[in-house]
Amino acid sequence: MVPTLPGPLLASTRRRAGLTQAQLARRLGMSQAALAGLERPDANPRVATLDRALRAAGAQLELDAQPVAPTVDESLLRTQLAHSPAQRLHALETLYADARKLSQAGARSRGELA
């Protein structure tokens with residue numbers, strides 16, 4: 001599996017190319033310590049920097065974006081935002097009252113309330 005974080009991706013690519021940190025650093029015109037910093041798991045280099053380093057190791061950076069399914073029904077959000085704040089507050093109060101009634105009915109059915 002290819003790492004997805006920039007630092008581990010660079011380190012993995014460098015090793016596959018059979019290069020040491022010092023060798024790749026020389027190709028990039030930087031110190032070995034600076035390259036080690038780029039390979040850290042928490043490194044956050046600019047895309048141009050990562051691309052340059054990967055090219056120096058004989059690889060090409062490819063970025064891709066995948067669509068993400070929304071985690072909420074955005075149409076419901078739009079509907080709610082079409083209401084005034086007072087209307088939204090009233091709906092929330094009604095929802096809370098209904099939830100409270102449901103909770104009390106459940107407690108009664110379990111014999112928790114007289």
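The values are calculated or read from the model by the stated rules, or taken from the named source; none is laboratory data. Computed from a predicted structure; not experimentally measured. No Cβ is skipped: glycine too gets one built from the backbone with ideal geometry, and neighbour counts run over all protein chains shown.
Going by the conditions given, is Leu50 surrounded by 10 or more Cβ atoms within 10 Å (Cβ to Cβ) and either at pLDDT below 95 or assigned by TED's automatic domain parsing to the domain that holds Arg14 (or both)? In short, yes. When we screen Ala59, Ala91, Ala86 for residues that are assigned to a helix (DSSP H, G or I), surrounded by 10 or more Cβ atoms within 10 Å (Cβ to Cβ) and of a type in the set (A, V, I, L, M, F, W, C), the only hit is Ala91. Counting only residues that are of a type in the set (A, V, I, L, M) and assigned to a helix (DSSP H, G or I), region 66-83 holds 4 of them. Got at least one residue in region 15-36 being part of a helix (DSSP H, G or I), surrounded by 11 or more Cβ atoms within 10 Å (Cβ to Cβ), touching a Lys or Arg at 6+ places or on another chain (Cβ under 9 Å) and of a type in the set (Gly, Ala, Ser)? For region 15-36, residues part of a helix (DSSP H, G or I), surrounded by 11 or more Cβ atoms within 10 Å (Cβ to Cβ), touching a Lys or Arg at 6+ places or on another chain (Cβ under 9 Å) and of a type in the set (Gly, Ala, Ser): absent.
For Arg108, the criteria (1) at pLDDT below 95; (2) in a helix (DSSP H, G or I); (3) within 30 Å of Leu9 (Cβ to Cβ) hold in every case but one, which is (3).
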